[in-house]
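Novice: Below you'll find the structure I mean.
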Amino acid sequence: MLYPRVARASALRTASMATARRLPIVHQRTFFPESMTGKKIVEEKYPDHPTLSEAEDPGMTGGYINPPGVKRQFRDPHGEWWDKQERRNFGEPVHEDHDILGVFSPYEYTWVSSRTAFAQIGVFVATFVGLCWVVGRLYPDKPSFPREFEGGLERELGGPGAMRARAPGDPEPFQAEDVDE
């Protein structure tokens, strides 16, 4: 039932499209005279970028004067900057590695040297291990062997049918019994 409807709808659609007026195909949308688009004129207007040698252009920056690579983090935060957040002035040339040297790049940690930091971590580990050793030596442990009770606390634990605590004549717990051969 559905398929004949689809076939009829597609047949109607193609018939209506055939009767519709088609727009003319335009090969050239606009007209620019040769005096504006000629190869010679384009070469004059947009010459190739000059290639400079390493001696003529150290750093290969195209003649751009690269300022020293100082992170903005190390600039005076209370200075009179035009852009106080990025700590730079209007018209100041930007370093080519601005994304690495900017304020929003990862913060460079300079409070403690690596040598001091490793020494502090070593002191912490030694203190922790020493404290664990002292606690292990001084803290009383649970007895390693369960206590024995006279009569196995039969009355205290509920009478003759209850599970008894360990009595003096009971076998050793968690040890294999000696087998007489």
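The values are calculated or read from the model by the stated rules, or taken from the named source; none is laboratory data. Keep in mind the model is a prediction, meaning the values are calculated, not measured. When we count neighbours, we look across all protein chains shown, and the Cβ atoms used for this are built from the backbone with ideal geometry, even at glycine. Just so you know, the surface numbers come from the protein's heavy atoms only, side chains and all, with ligands and any DNA or RNA stripped out. Shrake-Rupley method; radii C 1.70, N 1.55, O 1.52, S 1.80 Å.
Novice: Working with all protein chains in place, sort M163, M60 by solvent-accessible area computed with a 1.4 Å probe, largest first.
Specialist: Numbers: M163 170, M60 115 Å².
Ranking M163, M60 by accessible area, largest first, yields M163, M60.
Novice: Would you mind calculating the gained length between C132 and T116 on full extension (0.36 nm times residue separation, minus the Cα-Cα distance), in nm to one decimal? Don't skip to the end; give the middle numbers.
Specialist: On the way: separation 16, 0.36 × 16 = 5.76 nm, distance 2.44 nm.
Here the segment from C132 to T116 would lengthen by 3.3 nm.
Novice: Hey, if you put +1 on the Cβ of every Lys and Arg and -1 on every Asp and Glu Cβ in the range 91-156, which of F128, V94, F104 ends up farthest toward the positive end of that dipole?
Specialist: Positive-most Cα among the choices belongs to F128.
Novice: Note down the nm distance, to one decimal, between modelled labels 7 Å out along Cα→Cβ at K84 and at E56.
Specialist: That separation, rounded to one decimal, is 4.6 nm.
Novice: With all protein chains present, how much of the accessible area of the range 31-103 (probe radius 1.4 Å) comes from carbon and sulfur, to the nearest whole percent?
Specialist: On the way: 3570 of 6030 Å².
Carbon with sulfur: 59 percent of the solvent-accessible area.
Novice: Along the range 136-141, what does the Karplus equation 6.51 cos²θ - 1.76 cosθ + 1.60 (θ = phi - 60°) give for ³J(HN,Hα), rounded to whole Hz, x for Gly and Pro?
Specialist: Those phi angles translate into x, 7, 9, 7, x, 7 Hz.
Novice: Per the Kirkwood definition applied to all pairs of different Cα atoms, how many angstroms is the hydrodynamic radius of the range 39-116?
Specialist: Numbers: mean 1/r = 0.0622 Å⁻¹.
It works out to 16.1 Å.
Novice: Return the distance in nm (one decimal) between the two label points of a simple spin-label model at R147 and D97, each offset 7 Å from Cα along Cα→Cβ.
Specialist: 7.2 nm
Novice: Still on this structure, I have one more. Per-residue counts of other Cβ atoms within 10 Å, averaged by peptide: what ranking do you get for 68-81, 34-47, highest first?
Specialist: Values: 68-81: 11.4, 34-47: 9.4.
Top of the packing list down: 68-81, 34-47.
Novice: Here's something else I'd like to know. Roll a 1.4 Å probe over the protein heavy atoms and report the accessible area of T110 in Å², nearest 10.
Specialist: T110 has an accessible surface of roughly 90 Å² with all protein chains in place.
Novice: Given 10 Å bins starting at zero, what is the percent of C-alpha pairs of the range 54-171 in each, up to the one with the largest pair distance?
Specialist: Per 10 Å bin, starting at zero, the Cα-Cα P(r) for the range 54-171 comes out as 10, 17, 13, 12, 10, 8, 8, 8, 9, 5, 1 percent.
Novice: If R0 is 25 Å, what FRET efficiency do you get for F74 and F124 from their C-beta distance, rounded to 0.05?
Specialist: Working: r = 30 Å, r/R0 = 1.19.
So the FRET efficiency works out to roughly 0.25.
Novice: Which aspartates and glutamates, on any chain, are close to K40 with Cα under 20 Å apart, when same-chain ones fewer than 8 places away are left out?
Specialist: Here the aspartates and glutamates satisfying the reach criterion relative to K40 are D48.
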